Amino acid sequence: MERRTFLRSALSAAVVAPYLQAESAPDWGGPVLDTHLHLRRDADSCYTHIQGCGVSNAILLTRAPDEDRAKQEMERRPGRFARSVATDPTPPEADKIIRDALKNGAVSIGELKFHVALDSPEMKRVYDIAAEMKVPVMMHIQTFPHFAGELPYNTGYPQFDKVLRAYPRTNFIGHGDLFWAHISADVPTDRGYPPGPIKSGGLTDKWLSDFPNLYADMSANSGNNALSRDPGFTRDFLVRHQRKLIFGSDCSCADGNGSGVSQSNNPEAARLAGKCVARETLGVLKQQASPEVFRRVVWENGVQLFKVRFS
Ligand SMILES: [Zn+2]
Ligand SMILES: [Zn+2]
């Protein structure tokens, strides 16, 4: 590029960009709670994200060692955030780590993304804590690898109904590739995000109806894909489970507008490369749900389940 042309375009970008960003933040017609926003390394970066995509509040998913950093983010933007606690459930000290964080103000456990079985003694200990402390527990359920050598997380989903039945006082939030693949009765084993029409009778769909203690987190490519692959199915699914679905993004874009995000680690998720997952999924929900159902799944359900009050 010629130097003068470069200077001119750099200048106009610098002048125009802030206004463009302010103008382009969507208005979703009311408050929106992102229940799946990972705490970021850079100060105020979570706030930048929610501002950019028109989200009002978020649960900052926080690893136990990052608790103080999450508190700082909450203090910097009062009334915007709450935080969870996540820790590997396998060591004996996990019990104390989780309890201490919950006593200290964490509102949920998760996300738990570890290489254990859903019905393992370690996870059962977490389910007991969740019931006792009256907080939900969010699990990442995935078996098909995103990259060579990736091990499965929270295995044994086809038998998860036994856990749901055995822990009626625990509120479970399912999330992740396999959880959402089971929205359909046929689940391929050679991919994480199956496309195309949904066959009725999927385990996730059935268990959301059967078990009052199972909730579904619609975040990430997995949730977006499940809600996008068969619009006719989605419409009824949203109505059917309007009290059980909660909005989350799991988005890692920088600005709430799709920049800086890379799905290069996972070619299967290329459909959302360069896009903000929060915006994309809120767009699908806005299009497919009535205003009443929209408000439930993007706000009311999450506020009730996480027992949060923002003011
Ligand atoms: Zn996850
Ligand atoms: Zn984003």
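The values are calculated or read from the model by the stated rules, or taken from the named source; none is laboratory data. As the structure is a computational prediction, the values presented were derived from the model and not from experiment. Cβ sites come from the backbone with ideal geometry, for glycine too, and all protein chains shown count toward neighbours. Just so you know, the surface numbers come from the protein's heavy atoms only, side chains and all, with ligands and any DNA or RNA stripped out. Shrake-Rupley method; radii C 1.70, N 1.55, O 1.52, S 1.80 Å.
At 1.4 Å probe radius, can you tell me the per residue accessible area of the chain in Å²? Value returned for the chain: 46 Å² of accessible area per residue.
Rounded to a whole number of µm²/s, how large is the Stokes-Einstein D of the range 134-213 at 4 °C and 1.567 mPa s, given Rh as the Kirkwood radius over C-alpha pairs?
On the way: Rh = 13.3 Å.
Using the Kirkwood radius from Cα pairs, D works out to 97 µm²/s.
Computed on the Cα trace of the range 103-155, the radius of gyration divided by the Kirkwood hydrodynamic radius gives Rg/Rh = 1.05. Under a 5 Å amide H cut-off, with hydrogens placed 1.01 Å from N, residue 261 pairs with 254, 274 among residues at least 5 apart or on other chains. Measuring nothing but protein heavy atoms, the accessible surface of the range 190-239 at 1.4 Å probe radius is 53 percent carbon and sulfur. Please report, to two decimal places, log10 I(q)/I(0) for the chain at q = 0.09, 0.11, 0.15 Å⁻¹ as given by the Debye formula with identical point scatterers on the Cα atoms and no solvent. Calculated log10 I(q)/I(0) at the listed q: -0.44, -0.66, -1.23. For the residues 93, 268, a 1.4 Å probe over the protein chains yields an accessible-area ranking, largest first, of 93, 268.
Of the listed residues 207, 28, the order by accessible area with a 1.4 Å probe, largest first, is 28, 207.
Scanning residues 5 or more positions from residue 173 or on other chains, those with amide H under 5 Å from its amide H are 137, 138, 139, 215, with H placed 1.01 Å from N in the peptide plane. Applying the criteria of a DSSP loop state and at most 15 other Cβ atoms within 10 Å to the trypsin sites (Lys or Arg not before Pro) of the range 112-189 yields 134, 169.
Taking all protein chains together and a probe of 1.4 Å, list 235, 41, 69 from the most accessible to the least accessible. It would help to have the intermediate numbers written out before the result.
On the way: 235 120, 41 190, 69 60 Å².
Listed by decreasing accessible area, they come as 41, 235, 69.
When the alpha-carbon atoms of the range 199-282 are used, the pair Rg, Dmax equals 14.0, 40 angstrom.
In this model, which of 71/113; 134/286; 162/199 are farther than 25 Å apart at the alpha-carbon?
Values: 71/113 22 Å; 134/286 31 Å; 162/199 23 Å.
The answer is 134/286.
Under 15 Å of direct C-alpha separation, and excluding same-chain neighbours fewer than eight residues apart, residue 275 reaches these aspartates and glutamates: 250, 255.
The relative contact order of the chain comes to 17 percent, based on Cα pairs under 8 Å that sit 6 or more residues apart.
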